[in-house]
Structures are given as structure tokens and as C-alpha cells.
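Read the structure below first, then the notes.
The values are calculated or read from the model by the stated rules, or taken from the named source; none is laboratory data. None of these values were measured; they are calculated from a predicted model. With ligands, DNA and RNA removed, areas are computed over all heavy atoms of the protein, side chains included. Shrake-Rupley method; radii C 1.70, N 1.55, O 1.52, S 1.80 Å.
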Amino acid sequence: MSEHKQTAHINPKGAEIAETVLLPGDPLRAKFIADTFLEDVTQFNSVRNMFGYTGTYNGKRISVMGTGMGMPSMGIYSWELIHIFGVKNLIRIGSCGALQDNLNLYDIIIGMGASSNSNYVSQYHLPGHYAPIASFSLLEKAKNIADEKGQEVHVGNILSSDTFYSADKEAAGKWRDMGILGIEMEAAALYMNAAEAGVNALCILTVSDHIFKQEETTSEERETSFTKMMEIALELAE
């Protein structure tokens, strides 16, 4: 429950925030999920137009909220949801650019690990290289849900990048050679925040474009068409 707590970025005005929160980057995708899948919906945030909603899905309470783009934005919202509002399960649902030849548009990727070119990890002053990984309990449950639905998913390592337009034209190929499935911009920060706080996090992605096949979906399709990923994530609510 959010009680009457608020931050500079999230002001629920007493509305509930559930212990399980879906985190799309696009706040309009959060609205689409609330309008399409949830019942008894209450909006708990509109600060900076970063919409957040709480409702029920199959009788279970669940929230959904946009995070914006990039690890700094994800870092702010996920930290506040965890430490101020008591969220225990944070599931990023987003889009990614595929790297491997066996991946196609609309394929679903579950991020078992999130490699990164970001300096986000430096704040922890660790004596080595930290590997951000998903919570196995959420990952296992998501894979089982996908199997039950007959939905093929790819499970593996993704890249959380600080750069969308990279000046290094060889970088994507190097990450591909290391088995990275796709590139997005938020999961590593989410995984680190969750690990440091002892809560659960998972990233489920839909392939919106393929970096080497030069294929892509439209912004409208990214907002409303990635429903298979959304349905898997919604069923993770406890």
C-alpha cells in the first residue's frame, strides 16, 4: 500500500500501489495495459505524465507504470517504488533491437542477465565486475506461463545500453558475437536496484526491430501490439 507517501516523481495521493508492478518505458503503454487488461482501475500517478495505474487482473492486484527511457530514469522510478512504496516484484516489459539471426520481429525475450556499457554499477563501489541478473523465481514462473500458453520465448543475456545512436559502428557485432540476444536501455539498472534491495525483478521484451536484418515495427505497434509479452507479465502477479 502507498498510504499517503509521495516523492518528487510519484504522488499517489493515497491510492494503492500493488506489490507487483509492470514497468513499460512508455507511459502510454501503461495506459493501454490498464485500459485493456485491468479491472477496477485507479490512476496513482500523473506527475511528469509518467502514468501509473492499479487494478485487478484475474482477481489479483497489480500496478503498471511507465519509467521513461534509459537507466537513469529507470533507476529513479524503480528505487522509489521499492524503497518508498514497498514494491516487491518489478517486471520491465519493453521493446528491444534483436541481434541474433534466429530472432524475428515480435519474438519474446526474457532477460536472464543484463550486460551493460553503463557506469551505473559504479555507485556500489564493488571490488570487481558485477553481473546483473533476473530473479530466478520470476524468470522460472514467466517461462512456465509462456510454455502453458504455447508461446515460444528466448531466454538469455541482453544488453542495457546507454546509447541508442552509437558512434561505435562495430559495437553491436561484438555484442552479437558474445551471444547477446537484444539491446534495450533499462534492465541492468532495474536488476541492480532490485538486488541491492533484496526484491525481485525481471525484464520481458518484444523484438521491435532487428539491427542486422534492418526490420522494424512502428511506434503505434510498439504501444499496443505487444500483447503476448503483457499477458505473460500480468500473470506474474501474486
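Tabulated data
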{"quantity": "Of all DSSP beta bridges in segment 1-100, antiparallel share, percent nearest 5", "calculated": "60 percent"}
{"quantity": "Solvent-accessible ranking of 129, 154, largest area first, probe 1.4 Å", "calculated": "129, 154"}
{"quantity": "Extent along principal axes [Cα atoms of segment 102-238; Å; largest to smallest]", "calculated": "43, 39, 25"}
{"quantity": "GNM result for the chain, Cα springs below 10 Å: residue of 148, 39, 221 fluctuating most strongly", "calculated": "148"}
{"quantity": "Cα gyration tensor shape for segment 1-124, rounded if a/c is under 1.5, else prolate or oblate", "calculated": "oblate"}
{"quantity": "The chain: calculated mean residue ellipticity at 222 nm from DSSP helix runs of at least 4, using -39500 (n - 2.57)", "calculated": "-8500 deg cm²/dmol"}
{"quantity": "Sequence of 48, 222 from largest to smallest accessible area, 1.4 Å probe", "calculated": "48, 222"}
{"quantity": "Full-stretch length increase - residue 165, residue 213 - with 0.36 nm per residue and alpha-carbon distance subtracted", "calculated": "15.6 nm"}
{"quantity": "Rg [Å, one decimal], Dmax [Å, integer] - segment 140-197, C-alpha atoms", "calculated": "14.4, 42"}
{"quantity": "Evaluated at q = 0.10, 0.15, 0.16 Å⁻¹: base-10 log I(q)/I(0), Debye formula over Cα of the chain", "calculated": "-0.42, -0.97, -1.11"}
{"quantity": "Pairwise Lys count, the chain - Cα closer than 18 Å, eight or more residues apart or different chains", "calculated": "12"}
{"quantity": "Antiparallel content of DSSP bridges confined to segment 89-238, in %, to 5", "calculated": "30 percent"}
